[in-house]
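The values are calculated or read from the model by the stated rules, or taken from the named source; none is laboratory data. All values derive from a computational prediction rather than experimental measurement. Cβ coordinates were reconstructed from backbone atoms using ideal geometry, including for glycine residues, and neighbour counts include every protein chain displayed.
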């Protein structure tokens, strides 16, 4: 069973998992799928056919448009936004042209970031606040700016990884070890 504030609008035909909490003035639209133990903040829109995995956290004022898939443990910061059409026009209906945006497990998107449609954000990637993502983001990548550029790597706990001469790094919070090989992060422990 899920909990929803009395001002939330939950359209018929949604699937909402157990333990999910939906806050003030949020709209979950027909055909949306929301996993277990999600927390969906105030004034959020979850459009038709959006898929949210388990333990997804969406902060206030976020619009998650049709075409977006968020896997388990994704964090969407306040007022971040997704697009689903590259060339929108008011007078031209392009509803059949929505592009998919896939946010992989454990990724975090910072406050006020904009994610242009048609790209994948890799597992545990961290998108800095205010960034504009215009292309694919690698797993564990740290990206910032407009347009967003990769400036480093992060651990699953979200800490910047500093690699030694053997291309090994340790997360300062968890002690987990990571290796950088061929522009790919491998978690060793």
Residue match in the stretch 111-123 (condition: over 16 Å from the mean Cα position of the chain (by Cα) and either buried (at least 18 other Cβ atoms within 10 Å of the Cβ) or more than 28 Å from residue 49 (Cα to Cα) (or both)): no
Looking at 127, 186, 170, 162 in this structure, which one is in contact with a strand residue (DSSP E or B) (Cβ under 9 Å, 6 or more places away or on another chain) and either touching a residue at least 12 places away in the same chain (Cβ under 8 Å) or surrounded by 21 or more Cβ atoms within 10 Å (Cβ to Cβ) (or both)? 127
Checking residue 44 against (1) without any contact (Cβ under 8 Å) to a residue 24 or more places away in the chain; (2) within 21 Å of residue 105 (Cβ to Cβ); (3) surrounded by fewer than 21 Cβ atoms within 10 Å (Cβ to Cβ), the condition it does not meet: (3)
Mind listing whichever residues of the stretch 34-58 are in a loop (DSSP other than H, G, I, E, B) and over 15 Å from residue 4 (Cα atoms)? 47, 48, 49, 50, 53, 54, 55, 56
Working only within the stretch 155-172, note down all residues that are in a loop (DSSP other than H, G, I, E, B) and over 25 Å from the mean Cα position of the chain (by Cα). 163, 164, 165, 166, 167
Return yes or no: is residue 97 outside the structural domain of residue 39 (by TED's automatic domain parsing) and either farther than 25 Å from residue 52 by Cβ or over 17 Å from the mean Cα position of the chain (by Cα) (or both)? no
Quickly run through the stretch 138-147 and pick out the residues that are surrounded by 15 or more Cβ atoms within 10 Å (Cβ to Cβ) and without any contact (Cβ under 8 Å) to a residue 24 or more places away in the chain. 141, 142, 143, 144
If I ask for residues that are within 14 Å of the chain's Cα centre (by Cα) and closer than 23 Å to residue 84 by Cβ, which ones from the stretch 140-154 would you list? 141, 143
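Which of the residues belonging to the stretch 59-92 are assigned to a strand (DSSP E or B) and in contact with a strand residue (DSSP E or B) (Cβ under 8 Å, 6 or more places away or on another chain)?
Result: 63, 64, 68, 69, 70, 75, 76, 81, 82.
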Quick check: anything in the stretch 107-116 under 25 Å from residue 61 (Cα atoms), out of contact with any strand residue (DSSP E or B) (no Cβ under 9 Å at 6 or more places or on another chain), assigned to a loop (DSSP other than H, G, I, E, B) and in the same structural domain as residue 53 (by TED's automatic domain parsing)? yes
Applying the selection to the stretch 74-96, what residues are over 19 Å from residue 42 (Cα atoms) and surrounded by 14 or more Cβ atoms within 10 Å (Cβ to Cβ)? 83, 84, 85
